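Worksheet: the structure to be examined is printed underneath.
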Amino acid sequence: MPKMKRHKGLAKRVRVTASGKIKYKKSNAGHLMSGKSGNRKRRLRQDGTFANAKVVKKTIRALLA
């Protein structure tokens, strides 16, 4: 049987941290920023994490393995 290939599209969008969390860049921060509040823009600058979603983390790790 051939080995499973890594999902390249997902690998470009997420990172696995040393503690096992999945980090990703939040959406809606590309353009049209003038209509968004400063608080919202500040929140969008932070990376999002899949810290607690076990099913999502399991699926993502399988695709990145």
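Considering only the stretch 9-30, how many residues are more than 18 Å from VAL55 (Cβ to Cβ) and outside any loop (DSSP other than H, G, I, E, B)?
Final tally of qualifying residues: 4.
Looking at the stretch 48-65, which of the residues that are outside any helix (DSSP H, G or I) and among the small types (Gly, Ala, Ser) is nearest to ILE22 (Cα to Cα)? Spell out how you get there, then give the answer.
The initial filter retains those residues of the stretch 48-65 that are outside any helix (DSSP H, G or I), namely 48-53, 65.
Now narrow it down to the ones that are among the small types (Gly, Ala, Ser): 48, 51, 53, 65.
Details: GLY48: 8, ALA51: 7, ALA53: 10, ALA65: 13 Å.
In this case the residue turns out to be ALA51.
Yes or no: VAL55 surrounded by 14 or more Cβ atoms within 10 Å (Cβ to Cβ) and either β-branched (Val, Ile, Thr) or within 10 Å of the chain's Cα centre (by Cα) (or both)?
no
Please enumerate the residues belonging to the stretch 28-43 that are loosely packed, with under 13 Cβ neighbours inside 10 Å and either under 16 Å from VAL56 (Cβ atoms) or in contact (Cβ under 8 Å) with a residue 12 or more places away in the chain (or both).
ASN28
Since every read-out is calculated from the coordinates, none of them should be taken as a lab result. As the structure is a prediction and not an experimental result, all values here were calculated from the model. Note that each Cβ is placed from the backbone with ideal geometry, even for glycine, and that neighbours are counted across all protein chains shown.
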